[in-house]
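Notes to accompany the following structure.
The values are calculated or read from the model by the stated rules, or taken from the named source; none is laboratory data. Here the structure is a predicted model, which is why all the values come from computation and not from measurement. We place every Cβ from the backbone using ideal geometry, glycine too, and count neighbours over all the protein chains shown. Please note that ligands, DNA and RNA were not included when accessible areas were found on the heavy atoms of the full protein model with its side chains. Shrake-Rupley method; radii C 1.70, N 1.55, O 1.52, S 1.80 Å.
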Amino acid sequence: SFVTLTYEQTTRAALRAMKAALPSTAPYQLYGATEAGVLFMECAAGRLHHNARHSHIELVDAGAGLSRVVVTTLGRTWMPLLRYDIGDLVRVADGCTCGRSDDGYVLARIEGRGNDAVTTARGLFTPAMLDDIVDGAEPTIAQWQLGGQGDGFILHAVGSDGTLAAAALADKLGTTVEPRATTTILPEPSGKYRMVRPQG
């Protein structure tokens with residue numbers, strides 16, 4: 001059996017909870033887009049390999065070791081996508097030890113939506129980088145969302161008051177972060193959860 005989570009739901013805390021609830025199930029990542037299908041699949045070594053039979057991928061340098069995913073679909077007769085930028089940031093891996101013999105890209109991890117990345121005077125922070133900070137400071141936070149407020153941010157936290165995580169984020173981002181405990185974080189109208197909601 002397997003369980004599928006969208007990237008927006010897959011914080012480190014969510015993965016730990018899933019593994020605890022389903023101890024006999026080994027989770028594997030599938031990374032894709034509604035418009036383009038499954039683009040990368042995780043191997044036994046934990047790397048994400050390009051699903052080359054389904055699409056052609058270009059990884060466009062976005063700086064700081066990150067790349068944007070540009071997709072050309074294969075086999076979509078009625079509505080092919082040509083060099084479609086799906087808006088996500090990824091980090092490329094230096095190969096893989098699984099022995100799979102393919103010529104496609106191998107990813108170390110998905111960093112999240114480019115539009116949800118936070119830029120401060122200290123640089124760009126992707127949703128995955130922000131989750132590293134939150135989970136490192138308060139692993140008891142079950143779910144979180146960062147929102148803009150003036151020159152700073154608000155950290156909405158489920159499962160904790162978020163004080164330690166907000167302090168860690170403020171330290172890394174170099175800006176103010178106000179913690180707010182909440183019981184739930186609602187999805188967007190699309191049904192997807194966002195880890196970062198830009199101001200506005």
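Which condition from (1) open to solvent by 30 Å² or more (accessible area, probe 1.4 Å); (2) of a type in the set (A, V, I, L, M); (3) more than 22 Å from ALA33 (Cβ to Cβ) is the one that ILE141 breaks?
With respect to (1) open to solvent by 30 Å² or more (accessible area, probe 1.4 Å); (2) of a type in the set (A, V, I, L, M); (3) more than 22 Å from ALA33 (Cβ to Cβ), ILE141 is out only on (1).
For segment 74-94, name all the residues that are assigned to a loop (DSSP other than H, G, I, E, B), open to solvent by 50 Å² or more (accessible area, probe 1.4 Å) and either among the aliphatic types (A, V, I, L, M) or in contact with a Cys (Cβ under 9 Å, 6 or more places away or on another chain) (or both).
Taking segment 74-94 and keeping what is assigned to a loop (DSSP other than H, G, I, E, B), we get 74-83, 93-94.
Applying the additional criterion that residues be open to solvent by 50 Å² or more (accessible area, probe 1.4 Å) yields 74-80, 82-83, 94.
Matches in segment 74-94: LEU74, MET79, LEU82.
Does GLY46 satisfy the condition of being part of a loop (DSSP other than H, G, I, E, B), free of Cβ contacts under 8 Å to residues at least 12 places away in the same chain and within 22 Å of ALA128 (Cβ to Cβ)?
On the way: part of a loop (DSSP other than H, G, I, E, B): yes; free of Cβ contacts under 8 Å to residues at least 12 places away in the same chain: yes; within 22 Å of ALA128 (Cβ to Cβ): yes.
Considered against the rule, which asks whether it is part of a loop (DSSP other than H, G, I, E, B), free of Cβ contacts under 8 Å to residues at least 12 places away in the same chain and within 22 Å of ALA128 (Cβ to Cβ), GLY46 comes out as yes.
Within the bounds of segment 66-73, is there any residue that is assigned to a loop (DSSP other than H, G, I, E, B) and open to solvent by 30 Å² or more (accessible area, probe 1.4 Å)?
So far as segment 66-73 goes, no, none of its residues is assigned to a loop (DSSP other than H, G, I, E, B) and open to solvent by 30 Å² or more (accessible area, probe 1.4 Å).
Restricting to segment 100-132, what's the tally of residues that are within 18 Å of the chain's Cα centre (by Cα), among the β-branched types (Val, Ile, Thr) and either under 30 Å from ARG53 (Cα atoms) or surrounded by fewer than 17 Cβ atoms within 10 Å (Cβ to Cβ) (or both)?
4
Step by step: first the residues of segment 17-38, then only those that are in contact (Cβ under 8 Å) with a residue 40 or more places away in the chain, not in a loop (DSSP other than H, G, I, E, B) and not aromatic (Phe, Trp, Tyr), then the one that is farthest from ALA137 (Cα to Cα). Which residue is that?
ALA33
Select from segment 164-200 the residues that are open to solvent by 90 Å² or more (accessible area, probe 1.4 Å) and among the aliphatic types (A, V, I, L, M) and list them in ascending order.
Hits for segment 164-200 are LEU164, LEU186.
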